[in-house]
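Okay, so here's the structure we're looking at.
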Amino acid sequence: MIEWPKSNDVLGTVNRGNPAESGLCTLCRADCKGRCETWLSSLKGRKMLYPRDFGWVTAGSSNTCHIGVSYNSLRIQGYNYGAKGIPPGLTSSSDDCIFPNVNIETEFGNEIKTKARVPLMTGALGSTFIAQRYWNSLAIGAALVGFPIVVGENVVGIDKEAVIKNGKIEKAPELDRRITTYLRYFDGYGAIIVQMNVEDTRNGVAEYVIDKYGDKVIMELKWGQGAKSIGGEIQVDNLGYALFLKERGYVVDPDPTKPEVQKAYEAGSIKTFARHSRLGYTDLATVEDVYEAFMSSVRYLRSLGYKRISLKTGSYGMEGLAMAIRFASEAGIDLLTIDGSGGGTGMSPWNMMETWGVPSILLHAKAYEYAKILSEKGEKVVDMAFGGGLAREDHIFKALALGAPFVKLVCMGRALMIPAFLGSNVEGVLRPESKKAVNGNWDDLPAAVKELGTKPEEIFAGYFEVQKKVGESEMKNIPFGAIAMWTLADKLAAGLQQLMAGARKFSLKEISRDDLVSANRETERETKIQFITDAQDERAKEILTSGLKARVAKKSS
Ligand code: SF4
């Protein structure tokens with residue numbers, strides 16, 4: 001097992017728990033008092049791109065993370081000349097080709113293009129209570145920055161206030177809140193995507209959303225996720241609520257209708273119930289069956305009026321991956337999110353999360369290979385997003401490059417939730433009257449925050465940029481978690497711009513697989529990204545042995 005470093009002296013970061021490949025703790029807590037890189041970046045923003053204590057230190061890379069096959073075993077190329085993809089209005093002069101001018105805007109979609117200011121989207125934030133609690137920060141933050149957010153599955157099904165009669169939703173206040181909160185600050189960049197699983201289909205989510213919101217919403221069909229190979233789960237600690245969920249048609253475990261389970265609950269030996277979603281396509285036996293069922297779902301959504309449809313698939317094996325890419329491409333789907341094992345936000349069974357499915361880098365490497373096969377056949381390939389254990393700016397670059405030119409966005413789940421937790425905790429202390437509403441977990445600011453200040457203007461590096469965007473009077477309505485989200489996104493954006501400038505790529509469409517190298521042979525074998533000293537080696541030898549002088553003389557004559 002690889003042990004990822006728990007602290008980074010250069011950045012002054014320490015993980016509260018055990019770090020995963022992403023750099024986040026395997027267990028990330030909403031009440032965390034710090035201070036991993038993502039946590040600190042949500043306060044300090046782009047300052048976290050650099051070593052601390054400038055003027056008093058020197059810093060050198062430890063270069064120790066190239067073990068095994070992972071995103072951390074890929075390295076990013078830099079070049080000593082040239083500039084590609086220079087944005088309109090700029091020249092190739094070194095005055096124009098500076099990293100802040102790198103254009104990281106992206107777009108995805110088949111016929112209708114959806115734009116995003118940064119190549120990011122959230123993972124599906126569904127019926128887990130953590131997504132519900134921190135939604136305002138997540139949605140407002142994503143809308144202000146301008147990237148898509150995904151409302152995950154089962155939001156209507158678990159809402160006690162929702163009214164569903166004969167497979168038709170009459171009222172869905174929680175889903176309405178999720179959508180309207182995002183749309184309030186939506187300015188043309190980003191999108192709100194609503195996911196639909198087996199239960200949501202039965203409950204009539206697609207029909208409700210199109211009637212109420214029209215094509216402002218992208219509807220997402222869900223095949224799975226990276227964290228688990230069964231449907232989504234939540235945990236409830238109330239027998240009455242467990243019975244309500246059972247009544248709504250969910251699998252609830254243990255079964256709350258059984259007298260022996262009720263007795264155990266009363267005695268205290270059973271304290272919680274797990275609510276599970278159903279598996280999809282259980283009545284289908286062949287690839288052809290799945291093809292027909294999928295195409296029929298897409299046709300149905302289009303008949304309802306949906307102009308943009310996406311698909312999310314999990315870390316199924318190669319057959320499932322190929323089906324997702326081919327079917328989504330043929331159906332003219334707007335976005336296919338491919339979520340690798342390792343990533344997770346909800347209540348996935350732990351040992352399942354640890355052992356099932358295809359880890360992100362392997363899945364993503366194959367996704368590229370399969371997409372290329374379709375493309376070489378002359379077929380239009382669906383735009384893709386890669387997700388699963390990605391958290392930093394170098395991860396964004398690597399995922400975009402590994403899947404270039406098919407990948408348009410990087411999907412982040414847990415990383416983008418940290419600013420929402422952290423901002424809410426700060427808000428709960430500084431605006432005690434809203435502590436309950438924002439789900440603040442702290443009574444006092446911890447030392448790592450106090451070092452920065454005691455007012456939001458001092459604490460969040462992005463405060464005044466958000467104020468510039470929304471206006472001073474609107475700031476009272478902006479949750480601190482959204483300001484923290486802005487601050488983190490600004491760090492990720494600046495870091496990505498720097499990596500791209502170093503690779504001499506001034507717009508996203510220029511990023512290519514050649515911009516990556518494998519730092520070990522195993523990673524080269526699995527990803528087909530060349531080993532670090534093999535890449536460009538032939539070119540290098542040609543420079544050393546060819547008649548360079550003669551060619552230059554000929555060119556200038
Ligand atoms: S915010 Fe989460 S990932 Fe970061 S140190 Fe705290 S618990 Fe760990």
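Taking the numbered list (1) polar (S, T, N, Q); (2) without any contact (Cβ under 8 Å) to a residue 24 or more places away in the chain; (3) more than 30 Å from ASP237 (Cα to Cα) in turn, GLN262 passes all entries but (3). Restricting the first member to segment 233-254 and to residues that are touching a residue at least 12 places away in the same chain (Cβ under 8 Å) and over 18 Å from SER348 (Cβ atoms), and the second to residues that are basic (Lys, Arg) and part of a helix (DSSP H, G or I), the beta-carbon pairs closer than 8 Å and six or more apart or on different chains are GLY249/ARG202. Keeping to segment 338-358, report how many residues are touching a Pro at 6+ places or on another chain (Cβ under 9 Å) and either on the phi > 0 side of the Ramachandran plot or exposed (fewer than 15 other Cβ atoms within 10 Å of the Cβ) (or both). Looking only at that region, the number is 1.
Do you know which residues across segment 5-57 are charged (D, E, K, R), more than 27 Å from GLY428 (Cα to Cα) and within 19 Å of the chain's Cα centre (by Cα)? Steps first, answer last, please.
Let us first name the residues in segment 5-57 that are charged (D, E, K, R), namely 6, 9, 16, 21, 29, 31, 33, 35, 37, 44, 46-47, 52-53.
Then drop every residue that is not more than 27 Å from GLY428 (Cα to Cα), which leaves 6, 9, 21, 52-53.
Answer for segment 5-57, where residues must be charged (D, E, K, R), more than 27 Å from GLY428 (Cα to Cα) and within 19 Å of the chain's Cα centre (by Cα): just GLU21.
Segment 251-313 holds strands (runs of 3 or more DSSP E) entirely within its bounds, and those carrying 3 or more residues that are not β-branched (Val, Ile, Thr) map to 273-276, 309-313.
Applying the selection to segment 502-557, what residues are part of a helix (DSSP H, G or I) and touching a residue at least 60 places away in the same chain (Cβ under 8 Å)?
Passing the criteria: GLY502, LEU508, LYS509, GLU510, ARG513, ASP514, ASP515, GLU522, THR523, GLU526, THR527.
Just one of the listed residues (LYS491, LYS505, LYS476) is at pLDDT 95 or above and surrounded by fewer than 20 Cβ atoms within 10 Å (Cβ to Cβ), namely LYS476.
Look at THR13 and say whether it is among the polar types (S, T, N, Q), surrounded by 15 or more Cβ atoms within 10 Å (Cβ to Cβ), in contact with a helix residue (DSSP H, G or I) (Cβ under 7 Å, 6 or more places away or on another chain) and farther than 25 Å from SER348 by Cβ. Spelling it out, THR13 is indeed among the polar types (S, T, N, Q), surrounded by 15 or more Cβ atoms within 10 Å (Cβ to Cβ), in contact with a helix residue (DSSP H, G or I) (Cβ under 7 Å, 6 or more places away or on another chain) and farther than 25 Å from SER348 by Cβ. Taking first residues from segment 333-346 that are more than 13 Å from ILE218 (Cα to Cα) and modelled with pLDDT of 80 or more and partners that are part of a loop (DSSP other than H, G, I, E, B) and charged (D, E, K, R), the Cβ contacts under 8 Å between residues at least 6 apart in sequence or on separate chains come to GLY342/GLU21. Of the set (1) among the charged types (D, E, K, R); (2) closer than 27 Å to ASP211 by Cα; (3) surrounded by 23 or more Cβ atoms within 10 Å (Cβ to Cβ), all apply to LYS307 but (3).
Flag not set for TYR250, criterion: among the aromatic types (Phe, Trp, Tyr), out of contact with any His (no Cβ under 8 Å at 6 or more places or on another chain) and at negative phi.
Report those strands (runs of 3 or more DSSP E) wholly inside segment 317-425 carrying at least 1 residues which are among the acidic types (Asp, Glu) and under 30 Å from ASP253 (Cβ atoms).
335-339
Okay, residues lined up against (1) assigned to a loop (DSSP other than H, G, I, E, B); (2) farther than 17 Å from GLY34 by Cβ:
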site: GLU427; (1), (2): no, no
site: ASP444; (1), (2): yes, no
site: THR454; (1), (2): yes, no
site: GLN467; (1), (2): no, yes
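Matching residues to (1) surrounded by fewer than 24 Cβ atoms within 10 Å (Cβ to Cβ); (2) touching a residue at least 40 places away in the same chain (Cβ under 8 Å); (3) not in a strand (DSSP E or B):
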| position | (1), (2), (3) |
| --- | --- |
| ILE86 | yes, yes, yes |
| CYS97 | yes, yes, yes |
| PRO100 | yes, yes, yes |
| GLU107 | yes, yes, no |
| ALA142 | no, yes, yes |
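Taken as a whole, segment 66-85 holds no residue that is within 16 Å of the ligand (Cβ to nearest atom), in contact with a strand residue (DSSP E or B) (Cβ under 9 Å, 6 or more places away or on another chain) and either of a type in the set (D, E, K, R) or farther than 24 Å from GLY141 by Cα (or both).
When segment 13-36 is filtered for residues that are in contact with a Gly (Cβ under 7 Å, 6 or more places away or on another chain) and within 8 Å of the ligand (Cβ to nearest atom), the ones remaining, listed by number, are CYS25, LEU27, CYS36. Looking across segment 71-97, the residues that are farther than 24 Å from PHE531 by Cβ and of a type in the set (A, V, I, L, M) come down to ALA83, ILE86, LEU90.
The values are calculated or read from the model by the stated rules, or taken from the named source; none is laboratory data. What you see is a predicted model, and the numbers here were worked out from it, not measured in a lab. Ideal geometry is used to build each Cβ from the backbone, glycine not excepted, and the neighbour counts take in all protein chains shown.
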